[in-house]
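This report refers to the structure that appears directly beneath it.
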Amino acid sequence: DQQVKQNSPSLSVQEGRISILNCDYTNSMFDYFLWYKKYPAEGPTFLISISSIKDKNEDGRFTVFLNKSAKHLSLHIVPSQPGDSAVYFCAATSRSGYALNFGKGTSLLVTP
Amino acid sequence: DAGVIQSPRHEVTEMGQEVTLRCKPISGHDYLFWYRQTMMRGLELLIYFNNNVPIDDSGMPEDRFSAKMPNASFSTLKIQPSEPRDSAVYFCASRSQGAHTEAFFGQGTRLTVV
């Protein structure tokens, strides 16, 4: 059963515009959320995270928003750049379990 | 540190053969994870270890899959016998102690079973 869901398999955005990637989760025990970025033929690399005690975390062009009541988080990339084209995975974990539960990923294409 | 190291990067084998994937985690990390990536299921957790001890292997699809961690710097994932549906990219990841830390991934092993 998929506890972390990314319902958009793909997203295309123009360079300079905002990219918004969405993620939903079902397990209310999750209290730490992460976004990973993956290029072809490489392993996923950590991008940004957020704890459940916060509703926003920002790192440069990347911002993650958490809505606990809706069990929803989103990743905003502003402005989007062609080098951001990759697959983005949402992941979640809890204090009682140390494994990361991943969504299926969203493939982002940023066009010039 | 060189990061998580996996070998081989690519493996092509015939159905019925034994396949062994290898992983060297980041030194000092207490947790080691094996994930499998497919188009249908995304990144799914197969098994993870804490201090070399298997903690949760509920994601291992069948008895054909087994994993070991004989010491803190080495782990293997074995498939015996392999089947075409095992074709996927297998990732190893490690992380340090503490609930809120990120995991670091290796570059993966692309397995093709023909």
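The values are calculated or read from the model by the stated rules, or taken from the named source; none is laboratory data. Quick caveat: nothing in here was measured; it's all calculated off a predicted structure. Here Cβ is always computed from backbone atoms with ideal geometry, including for glycine, and neighbour counts include all displayed protein chains. Ligands, DNA and RNA are excluded from the accessible area calculation, which covers all protein heavy atoms including side chains. Shrake-Rupley method; radii C 1.70, N 1.55, O 1.52, S 1.80 Å.
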>> How large is the Rg to Rh ratio of the protein assembly as shown when both quantities use alpha carbon positions and Rh follows Kirkwood?
In response: 0.97
> At what distance in angstrom do the alpha carbon centres of the range A:1-30 and the range A:57-112 lie from each other?
Replying inline: 7
> Between B:Asp30 and residues 5 or more places away or on another chain, which pairs have amide H atoms under 5 Å apart, with H built 1.01 Å from N, and which residues are they?
Replying inline: B:Arg95, B:Ser96, B:Gln97
> With r defined as the distance between the Cβ atoms of B:Ser58 and A:Glu15 and R0 fixed at 41 Å, what FRET efficiency is calculated, to the nearest 0.05?
Replying inline: 0.45
> Highest mean first, what order results for B:59-71, A:44-56, A:80-92 on Cβ atoms within 10 Å?
Replying inline: A:80-92, A:44-56, B:59-71
> What's the average, rounded to a whole number, of partner chain beta-carbon atoms within 10 Å of each residue's beta-carbon in A:40-47?
Replying inline: 6
> What accessible area per residue comes out for the protein assembly as shown, rounded to a whole number of Å², with a 1.4 Å probe?
Replying inline: 48
> Which whole number gives the average, over all residues in A:98-109, of C-beta atoms from other chains lying within 10 Å of the residue C-beta?
Replying inline: 5
> Using every alpha carbon pair in chain B, what percent of pairs falls into each 10 Å bin from 0 up to the bin containing the largest distance?
Replying inline: 15, 50, 29, 5, 0
> Counting only residues 5 or more places away or on other chains, whose amide H sits under 5 Å from the amide H of B:Ile5 once H atoms are built in the peptide plane?
Replying inline: B:Lys24
>> In whole percent, and with a 1.4 Å probe on the protein chains, what portion of the accessible area of chain A is carbon and sulfur?
In response: 49
> In Å² (nearest 100), what accessible area is buried between B and A, both sides summed, heavy protein atoms only, 1.4 Å probe?
Replying inline: 1800
